[in-house]
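Visitor: First the structure, then my questions, so here it is.
The values are calculated or read from the model by the stated rules, or taken from the named source; none is laboratory data. As the structure is a prediction and not an experimental result, all values here were calculated from the model. All Cβ positions, glycine included, derive from the backbone under ideal geometry; neighbour counts span all protein chains shown. What goes into the accessible areas is simple: the full protein's heavy atoms, side chains included, and nothing from ligands, DNA or RNA. Shrake-Rupley method; radii C 1.70, N 1.55, O 1.52, S 1.80 Å.
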Amino acid sequence: MMEIVSRLAIEPPFRVLVRAVLKHLPVSVKTRALWELSARPAYLLGVVTAAEQARQQNISEISVLEFGVAGGKGLLALEHEAEAVEKEIGVKVKVYGFDMGRRGLPSFIGDHRDHPDAWCPGDYPMDEEALRARLTGRTTLIIGNVAETVESFFKDFEPPPIGFVSFDLDLFSSTRDALRIFLLQDKKMLWHVPLYFDDIDFLFNHRFAGELLAIDDFNQQNDKVRIDRWYGVKGGRPFQERPFLEKLYVAHDCEAIGKIGLDRTTRVLPL
């Protein structure tokens, strides 16, 4: 009977009514992630999935990252969801935000790969002082060019393994540099890290520029970590048509997974 009710709940027109009711109930973070009861549903889904996987890998603490903070709405939402997930699932969550600060987008924007038809140097400046005043001790704001800050991230901050990352750097060059975080010799990451790429669904987007090109370039340059779409993420969701679901990918640590061998006790079961 409950299975029938659950199926009916996610069908139109019931799903809209169910979501409206759930907004006013103290539901779990998993339920909020399923019904998109969040200012940034992609962030909540990514953090919940990361925390659940961390428990299966016997990891007690993870890092969640946002590349491209700008005004800070996304980072504040990530911080809020990290706190909620930590409280309910029991995995500690540290938050890191990478940005150029008050300078906005870098002064150098390259050829067509950086979409100069869409972005300009100085776009999206940050009011760093105002944002820092709103952040809690859970979150670390890292200011500077990602080409430099990423290289020393693990040495400077000694973060727990990466569990979720959002990329909103706009440019191919900046996204390419940020993705190097998965190739550093001292990197720490879950076996399967949910990723969110914000700028891949505009009219001007194509595989030969921007974030999509950065993903292809990353995969061509190495075979240790591979990035691909998050297959099956829409399954069982009430609102499968949501655009943000098309922006979700996963970074797979092929090198670490390959070392597991026949030790089935460490296998990650389907979430």
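Visitor: Say whether the condition of being open to solvent by 10 Å² or more (accessible area, probe 1.4 Å), of a type in the set (A, V, I, L, M) and closer than 29 Å to Ala50 by Cα is met by at least one residue in region 87-102.
Guide: Yes, that holds for at least one residue.
Visitor: Could you tell me how many of the residues in region 103-136 are open to solvent by 40 Å² or more (accessible area, probe 1.4 Å) and on the phi > 0 side of the Ramachandran plot?
Guide: Number of matching residues: 1.
Visitor: Here's something else I'd like to know. Do you know which residues across region 128-152 are closer than 17 Å to Ser107 by Cα, touching a residue at least 24 places away in the same chain (Cβ under 8 Å) and of a type outside the set (S, T, N, Q)?
Guide: Listed by number, the residues that qualify are Ile143, Gly144, Val146, Ala147.
Visitor: Here's another thing I want to ask about it. Within region 90-125, can you find the residues that are out of contact with any helix residue (DSSP H, G or I) (no Cβ under 9 Å at 6 or more places or on another chain) and among the hydroxyl-bearing types (Ser, Thr, Tyr)?
Guide: Listed by number, the residues that qualify are Ser107, Tyr124.
Visitor: List, please: which pairs have Cβ atoms under 7 Å, are six or more places apart or on different chains, and start with a residue in region 233-247 that is within 18 Å of Leu195 (Cβ to Cβ) and end with one that is open to solvent by 20 Å² or more (accessible area, probe 1.4 Å) and not aliphatic (A, V, I, L, M)?
Guide: Short answer, once both residue conditions are applied: Lys234/Gln240; Pro243/Asp201; Phe244/Pro41; Leu245/Lys234; Glu246/Asp201; Lys247/Tyr196; Lys247/Asp198; Lys247/Asp201.
Visitor: Does region 185-215 hold any residues that are charged (D, E, K, R), open to solvent by 20 Å² or more (accessible area, probe 1.4 Å) and within 18 Å of the chain's Cα centre (by Cα), and which are they?
Guide: Across region 185-215, the qualifying residues are Lys187, Lys188, Asp198, Asp201.
Visitor: Tell me whether region 70-82 contains one or more residues that are open to solvent by less than 30 Å² (accessible area, probe 1.4 Å) and in a loop (DSSP other than H, G, I, E, B).
Guide: Yes, there is a match, as at least one residue in region 70-82 is open to solvent by less than 30 Å² (accessible area, probe 1.4 Å) and in a loop (DSSP other than H, G, I, E, B).
Visitor: Here is a further query. Conditions first: (1) of a type in the set (Gly, Ala, Ser); (2) over 24 Å from Leu76 (Cα atoms); (3) surrounded by 13 or more Cβ atoms within 10 Å (Cβ to Cβ). Ala147 passes all but one, so which condition is the exception?
Guide: Condition (2) is where Ala147 drops out.
Visitor: Only one of (1) polar (S, T, N, Q); (2) open to solvent by 60 Å² or more (accessible area, probe 1.4 Å); (3) in contact with a strand residue (DSSP E or B) (Cβ under 6 Å, 6 or more places away or on another chain) fails for Thr139. Which number is that?
Guide: Of (1) polar (S, T, N, Q); (2) open to solvent by 60 Å² or more (accessible area, probe 1.4 Å); (3) in contact with a strand residue (DSSP E or B) (Cβ under 6 Å, 6 or more places away or on another chain), only one is false for Thr139: (2).
Visitor: Would you mention how many residues in region 13-51 are in a loop (DSSP other than H, G, I, E, B) and either touching a Gly at 6+ places or on another chain (Cβ under 7 Å) or in contact (Cβ under 8 Å) with a residue 24 or more places away in the chain (or both)?
Guide: So the count comes out to 5.
Visitor: Checking Tyr249 against (1) hydroxyl-bearing (Ser, Thr, Tyr); (2) surrounded by fewer than 17 Cβ atoms within 10 Å (Cβ to Cβ); (3) under 28 Å from Ala84 (Cβ atoms), which single condition isn't satisfied?
Guide: Here Tyr249 meets the rest and fails (2).
Visitor: Given the condition without any contact (Cβ under 8 Å) to a residue 24 or more places away in the chain, part of a helix (DSSP H, G or I) and more than 23 Å from Gly210 (Cβ to Cβ), answer yes or no: does some residue in region 83-99 qualify?
Guide: The answer is yes, given that some residue of region 83-99 is without any contact (Cβ under 8 Å) to a residue 24 or more places away in the chain, part of a helix (DSSP H, G or I) and more than 23 Å from Gly210 (Cβ to Cβ).
Visitor: Within region 216-238, restricting attention to residues that are open to solvent by 20 Å² or more (accessible area, probe 1.4 Å) and of a type in the set (Phe, Trp, Tyr), which residue is nearest to the chain's Cα centre (by Cα)?
Guide: Top of the filtered list is Trp230.
Visitor: Do you know which residues across region 52-69 are assigned to a helix (DSSP H, G or I) and touching a Phe, Trp or Tyr at 6+ places or on another chain (Cβ under 9 Å)?
Guide: Hit for region 52-69 is Gln53, nothing else.
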